[in-house]
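Remarks on the structure that follows.
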Amino acid sequence: MGRLDGKIVVLTAAAQGIGRAAAETFAKEGATVIATDIQMEKLKELEALGVDCRKLDVTDSAMVLEFAASIPRLDILFNCAGFVFNGTILDTEEKDWDFSMDLNVKSMYRICRAFLPKMITHNSGNIINMSSVASSIKGVPNRFVYGTTKAAVIGLTKALAADFVGNHIRVNCVCPGTVDTPSLQGRIQAQPDPEQARKDFVARQKLGRLCTAQEVANLLLFLASDESEYITGQQFIIDGGWSL
Ligand code: NAD
């Protein structure tokens, strides 16, 4: 018996990294998984696990509405899409601010607004949003707009949880530290000395290593399952002690 038997899950940004690990884990635990991303070639590798793979750009309002209309019922929504813009406020131009706010925060407004009426109709639902320790939890250098967006995700999560608790809709968010994913590898390779950059990332982890995408997926599985039935409006830190 799987921990998500009978559940229908919708995920964003599932082609790689944490979203992909979550899609694989949810499918292995018996859920019907509808996974979305903009990178279709990579996403379609999940079809081997029976995952329904669909193209969805979370910044495209019309596409989000059309996608939501094609799914009559869902139990769990995992909003994973997000982007790390590197820099202080002085490096962040208005276009960078707008892009990050749109992809990291407004996308969740769009998607939750499109799917919530279905959850309200069924008087049950479970939304999990991707935040970060770099947010209202911890000020991280060179993560000015990223940290701002991820703090907004925590606020959005709590506001939704408060408004819809009476409809038996739970809303929580996860706040990872540094997770070894393709985008992290990209950020490391973009540094002048990638080997040193990797050592620096590891050095700031109190457990002495990076988090894996599977470790975050394990937490997501708990939040997606009925084992966490009494939990709503919370932020779950998984950072190997970075924020201590
Ligand atoms: P990643 O950055 O490696 O992959 C992101 C995925 O998002 C890609 O598959 C990409 O195609 C997709 N994507 C990009 N733009 C999109 C759009 N407009 N619409 C739909 N999909 C789009 O993945 P990751 O590092 O696992 O990060 C996933 C989430 O976790 C992000 O929200 C990120 O901020 C958050 N997070 C990551 C870390 C980390 O250290 N990796 C830490 C804390 C939080």
Among all residue pairs at least 6 apart or on different chains, which show Cβ distances below 8 Å where the first residue, located in the stretch 128-151, is free of Cβ contacts under 8 Å to residues at least 24 places away in the same chain and the second is assigned to a strand (DSSP E or B) and among the aliphatic types (A, V, I, L, M)? 140/134; 147/134
Residues in the stretch 32-73 that are under 20 Å from residue 2 (Cα atoms), among the small types (Gly, Ala, Ser) and exposed (fewer than 14 other Cβ atoms within 10 Å of the Cβ): how many? 2
Unmet criterion (only one of (1) within 11 Å of the ligand (Cβ to nearest atom); (2) under 29 Å from residue 127 (Cα atoms); (3) over 20 Å from the mean Cα position of the chain (by Cα)) for residue 168: (1)
Here are the criteria: (1) part of a strand (DSSP E or B); (2) free of Cβ contacts under 8 Å to residues at least 60 places away in the same chain. Tell me which single one residue 102 does not satisfy. (1)
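Residue-wise test of (1) within 13 Å of the ligand (Cβ to nearest atom); (2) within 12 Å of the chain's Cα centre (by Cα).
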position: 6; (1), (2): no, no
position: 23; (1), (2): yes, yes
position: 33; (1), (2): no, no
position: 38; (1), (2): yes, no
position: 43; (1), (2): yes, no
Sole exception among (1) within 15 Å of the ligand (Cβ to nearest atom); (2) outside any loop (DSSP other than H, G, I, E, B) for residue 116, by number: (1)
Considering only residues that are among the aromatic types (Phe, Trp, Tyr) and within 13 Å of the ligand (Cβ to nearest atom), which ones fall in the stretch 139-165? 146
Could you grab me the full set of residues in the stretch 101-127 that are of a type in the set (A, V, I, L, M) and surrounded by 16 or more Cβ atoms within 10 Å (Cβ to Cβ)? 103, 105, 108, 111, 114, 116, 119, 127
Select from the stretch 75-99 the residues that are part of a loop (DSSP other than H, G, I, E, B) and more than 13 Å from the ligand (Cβ to nearest atom) and write down the one among them that is farthest from residue 134 (Cα to Cα). 75
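We did not get these values from a lab; they are worked out from the coordinates using the rules stated. The structure displayed is predicted, hence computed values, not measured ones. Neighbour counts are summed over all protein chains in view; Cβ atoms, including those assigned to glycine, are modelled from backbone coordinates with ideal geometry.
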